[in-house]
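The structure appears right after this line, and notes come after that.
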Amino acid sequence: MKDTAKHQGLRNQLVKLLEGKRITDSTVLEAIKKVPRHLFFNSSFADYAYQDKAFPIAAGQTISQPFTVAFQSQLLEVKKGHKVLEIGTGSGYQTAVLCTMGATVYSVERQNELFKQTSILLPKLGIRPKLLTFGDGYKGLPNYAPFDSIIVTAGAPIIPKPLMAQLKIGGRLVIPLGEDVQIMTLLIRKSETQFEKHEFGEFRFVPLLEDKN
Ligand code: SAH
């Protein structure tokens, strides 16, 4: 596993492209500059890693498009030491971006194959989330709640109630909502019972699936 000057150059270009698409949060851009996205790909496809595209990974899932990762990360408004819950670890690329931004990351994945693969990969890259776990993201992680923010990286038909309950007051939940096409949705928890909703246009994700058991 190698990261070279050529890869760094491709990352710098990707960051320029993201700046052109109105990604302005410097901690997001710095993280994308640092995380070697090609190492999250099967080596035969590493050449695709710095295009702004989603790409298939194991278990019929996808590694999200860099713009999507940047956009969701920016909506989270991560501060150093924030406790962030991620639903859908997948390749671990989004996890790595959040860790590099200084978040303390808890991540849930429901495909055992991906959970195992990513649990091995991230430490090899020096990325240390607080917890990677195999389970059903609809339930969140009640034992570790509350969180400063929650990011869902699969298309959800509804906002899972447990995720709303596990958000701190003032916390942010970023979730792509919808069946075929998803609307990127930000919920900000204003009080115990009040949530403010903002919508940010259409995206396409693999579906957030109900528990397999
Ligand atoms: N952040 C990942 C995105 C992977 S795609 C990346 O950039 O690589 C979405 C992921 O959500 C898939 O890995 C899929 O298996 C997972 N997923 C789907 N339903 C889930 C659920 N109910 N709980 C947890 N993870 C789920």
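Throughout, read-outs are computed from the coordinates displayed, never taken from laboratory work. These numbers come from a predicted model, not from an experiment. Positions of Cβ are backbone-derived with ideal geometry, glycine not excepted, and every protein chain shown enters the neighbour counts.
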Discussion item. Given the -39500 (n - 2.57) contribution per DSSP H run of 4+ residues, what per-residue ellipticity at 222 nm results for the chain, rounded to the nearest 500 deg cm²/dmol?
Written reply: -8500 deg cm²/dmol
Practice prompt. Pop the C-beta distance of residue 210 and residue 8 into the FRET formula with R0 = 41 Å and round what comes out to the nearest 0.05.
Written response: 0.50
Practice prompt. Run the quick spin-label model on residue 134 and residue 180: label points 7 Å from Cα toward the beta carbon, then report their separation in nm to one decimal.
Written response: 3.5 nm
Practice prompt. Just report the Cα centroid separation between the stretch 119-186 and the stretch 1-77, whole Å.
Written response: 20 Å
Practice prompt. Against the globular-protein guess of 2.2 N^0.38 Å, express the Cα radius of gyration of the chain as a ratio, rounded to two decimals.
Written response: 0.95
Response to the item:
Helix 5-20: inclination vs the chain longest Cα principal axis, degrees, rounded to 10, gives 40 degrees
Fill in: Under-5 Å amide H pairs with residue 54, H placed in peptide plane, nonlocal only
65
Discussion item. Explain nothing, just compute: Karplus ³J(HN,Hα) = 6.51 cos²θ - 1.76 cosθ + 1.60, θ = phi - 60°, for every residue of the stretch 95-106 in order, whole Hz, x for Gly and Pro.
Written reply: 4, 5, 4, 5, 4, 5, 6, x, 7, 9, 9, 10
Practice prompt. Rounding to the nearest 20 debye, state how big the charge dipole of the stretch 125-213 is about its Cα centre with +1 on each Lys and Arg Cβ and -1 on each Asp and Glu Cβ.
Written response: 400 debye
Fill in: Karplus-derived 3J(HN,Hα), 6.51/-1.76/1.60, for each residue of the stretch 126-138, Hz, glycine and proline x
x, 9, 10, x, 5, 8, 10, 9, 9, x, 9, x, 4
Item to complete: Report, by chain and number, residues whose modeled amide H sits under 5 Å from the one on residue 195, excluding near sequence neighbours (fewer than 5 apart, same chain).
Response: 190
Item to complete: Return the distance in nm (one decimal) between the two label points of a simple spin-label model at residue 47 and residue 113, each offset 7 Å from Cα along Cα→Cβ.
Response: 2.5 nm
Worksheet item: Over 23 Å between Cα atoms, which of 116/168; 16/124; 34/79; 53/161 qualify?
Response: 116/168; 16/124; 53/161
Worksheet item: For residue 200 and residue 22 in the same chain, what is the full-extension length gain: residue separation times 0.36 nm, less their Cα-Cα distance, in nm?
Response: 62.8 nm
Worksheet item: For residue 191 and residue 59, FRET efficiency with R0 = 35 Å and r from the beta-carbon atoms, rounded to 0.05?
Response: 0.35
Worksheet entry | Packing rank of 110-117, 146-153, where each peptide gets the mean count of other beta carbons within 10 Å, highest leading | 146-153, 110-117
